[in-house]
Amino acid sequence: MKGKTSDSKLKIIPLGGLEEIGMNITAFEYEDSIVVVDCGLAFPDDDMLGIDLVIPDITYLKQNIKKVKGFVITHGHEDHIGALPYVLREINVPVYATKLTVGLIEHKLEERDMLRSTKRKTVKFGQSINLGKFRIEFIKTNHSIQDAAALAIYSPAGIVVHTGDFKVDYTPVFGDAIDLQRFAEIGKKGVLALMCDSTNAERPGFTMSEKTVGRAFDTIFSEHRSQRLIIATFASNVDRVQQIIDSAAKYGRKVVVEGRSMVNIISIAQELGYLKVPDNTLIDINMMKNYPDEQMVLITTGSQGESMAALSRMAADIHKKVTIKPGDLIVFSSHPIPGNEKAVSNVINELYEKGAEVIFQDVHVSGHACQEDIKLIYSLVKPKYSIPVHGEYRHLIAQKNIAESLGIDKDNIFVIKTGDVLELNQDGAKVTGKVETGEVMVDGLGVGDVGNIVLRDRQRLSEDGILIVVMTLEKHGNQLLAGPDIVSRGFVYVRESEDLMEEARLVVEDALDECLRRNISDWGKLKSSIKDSLGSFVWKRTQRNPMILPIIMEA
């Protein structure tokens, strides 16, 4: 790797994950080799009606499929592994990740019957893998899920360090602290570029250790010995769950785990040895009725107010097994993700209405590095170029400002957009083009069959409803045999608007008579004439713009 560097340039192409939270996927290309880091999904925006999840557009990878050597995954969160089952169907290359991450990926592949067709390789920290022109080394970091890795990507053009999602935790709950020594050693070799997590780049100071949450839990358990405890957190935060279980065992409580994703991840973590549960602590939810409230703690999903998650169902009184009672203590052990504040607030209000007590302050620490931690990584790695990643635009700019404050030349800091092709080597770096990227929407079993036009229709239906005009015409004589009848859905309540509907029917009749009188027999023209006249009538009368669907039948 050392010695003379090649004249070719390294291309870094983010296919998702910039200027947004989620859908992280980046291609690294050197001559005939492409390595893809992460392959995540994003959750739909409010205006994506009926969409379940969003995955990246991988057209560029499909066009260059012969070059793609493998996926290298930093950690097991959905925004980094969630799209793999969809993408691997089209680009079947090996997947490399650490032990727990592989366990979570395998669970996803198993659900879709893809285990046999996908090659997985478990990589240990400090180990390197060779993929085409690249060598990739996994470096131990800390995050809100176990086994998170940073990557040192060695190419003939130089070394790129990708932090993945990380924080600096000197006292982690499980395993070792972040391997700062290795960052420093790689920094000494000379690093071409650093791609650093920007999620908390706006926050000053250091990120608190996960252990501080354990102390908060201990206090809550000791001060609320007579109440049933229900603690909501992220399913993937195994360390958080470990600390709740430790406190439960200490204070003689039984633990019930509720929520599908929580049950899945905890069983995988236990199986692989990342979660240690004392005997007779975990019980099945059906056994809960055999124990008094003061001996119970429930660990549940729903800390983000998601409508179908366990806690939201409990708050709304539609959970089959758990009813919130006065005196219950509910702890939100997470921070609302931007955009979820209203949903979380609604759930908290519902819980208070049921007479429960709610704690949502100081029972969470972030899994992402704040400004001082970011500065530490820059100081150890000493990169020539800075490429902020992982975050909305404002977070990327905050990271740019940190890099500048540390003396990195502002011309060497690249705040790039999804789809940009950044070419770099020791002599220089610049954005040289763009590749096709975008969002592929998943709705049920359909992948990519709902696009902007369908979404626009859904939006219109949701805002103004639909009017369906049905009529029957004689086959050859162009004579109206039946109708026109108007069916309304989501436009007005018909029983209270009979006059309006009758007037609308007359408007359609007039438009139809006019067409037939002029011997217009082309159905397309008939339909657009009906649409125009009914549309303008409805707008004048109601200032609404429903979708109008004329249906003509022949007899």
**Item:** Share antiparallel - DSSP beta bridges, the chain, percent rounded to 5
**Value:** 55
**Complete:** Taking the chain, the whole-percent share of alpha-carbon pairs separated by over 43 angstrom is 34
**Request:** Could you order peptides 436-443, 53-60 by the average number of other Cβ atoms within 10 Å of their residues, highest first?
**Result:** 53-60, 436-443
**Prompt:** Tell me, how many Å apart are the Cα centres for region 457-486 and for region 334-388?
**Reply:** 52
**Request:** Please state, rounded to one decimal and in Å, the Kirkwood hydrodynamic radius that region 465-554 gives when every pair of distinct Cα atoms enters the mean of 1/r.
**Result:** 13.2
**Request:** Let me know the volume per residue of the alpha-carbon convex hull for region 211-359, in Å³.
**Result:** 104
**Asked** Counting each DSSP H run of 4 or more residues in the chain as -39500 (n - 2.57), what helix-only mean residue ellipticity at 222 nm follows after dividing by all residues, to the nearest 500 deg cm²/dmol?
**Response** -9500 deg cm²/dmol
**Message:** 5 Å is the cut-off here: which amide hydrogens, built 1.01 Å from N in the peptide plane, fall below it relative to residue 142, excluding neighbours closer than 5 in sequence?
**Reply:** 167, 169, 178
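All of the numbers you see were taken from the coordinates with simple rules; none came from a lab. Every value quoted in this text rests on a predicted model; they were computed, and no experiment measured them. Reconstructed Cβ throughout: ideal geometry from the backbone, glycine too, with neighbour counts over all protein chains shown.
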